[in-house]
Amino acid sequence: MVRGGDPDAVDSIVPMAFGNLALDLIMKGIHGRVVVLKNGRYDNVPIDVVTSSKKVVRVSEYYNVERLRPYYSNFEMKPFFLMASEY
């Protein structure tokens, strides 16, 4: 989903936190990791967690292609990002 409007505090805080956490890893000499939100908390995981499988967007399941926007009817148990591993 894409939201419109002026950026709010979260739009500034989250990228700053990701950048600082990534820099902390570099300064500790830790490589091959990526900063993530996991269970609602900042964390880091091995980069192969996100690169080891192909991610696809199931357009017909999540998007109204005629209106060029996501379906907004039910968000319960849907992924935060509208993409998943291919299966």
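If you take the residues in segment 5-37 that are of a type outside the set (Lys, Arg) and touching a helix residue (DSSP H, G or I) at 6+ places or on another chain (Cβ under 7 Å), which one is nearest to VAL49 (Cα to Cα)?
Restricting to residues being of a type outside the set (Lys, Arg) and touching a helix residue (DSSP H, G or I) at 6+ places or on another chain (Cβ under 7 Å), the top hit is VAL34.
Given (1) farther than 28 Å from ILE13 by Cα; (2) touching a residue at least 12 places away in the same chain (Cβ under 8 Å), identify the lone condition not met by PRO46.
(1)
Please find, within segment 37-67, the residue that is farthest from PHE18 (Cα to Cα) out of those that are modelled with pLDDT under 90 and assigned to a strand (DSSP E or B).
ASN64
Could you check how many residues of segment 16-36 are part of a helix (DSSP H, G or I) and either surrounded by 11 or more Cβ atoms within 10 Å (Cβ to Cβ) or of a type in the set (Val, Ile, Thr) (or both)?
Step one: of segment 16-36, the residues part of a helix (DSSP H, G or I) are 16-27.
The next check asks that each one be either surrounded by 11 or more Cβ atoms within 10 Å (Cβ to Cβ) or of a type in the set (Val, Ile, Thr) (or both); those that pass are 17-26.
Qualifying residue count, segment 16-36: 10.
The values are calculated or read from the model by the stated rules, or taken from the named source; none is laboratory data. Remember, it's a predicted structure, so these values are computed and weren't measured experimentally. Note that we place each Cβ from the backbone using ideal geometry, even for glycine, and neighbour counts take in every protein chain shown.
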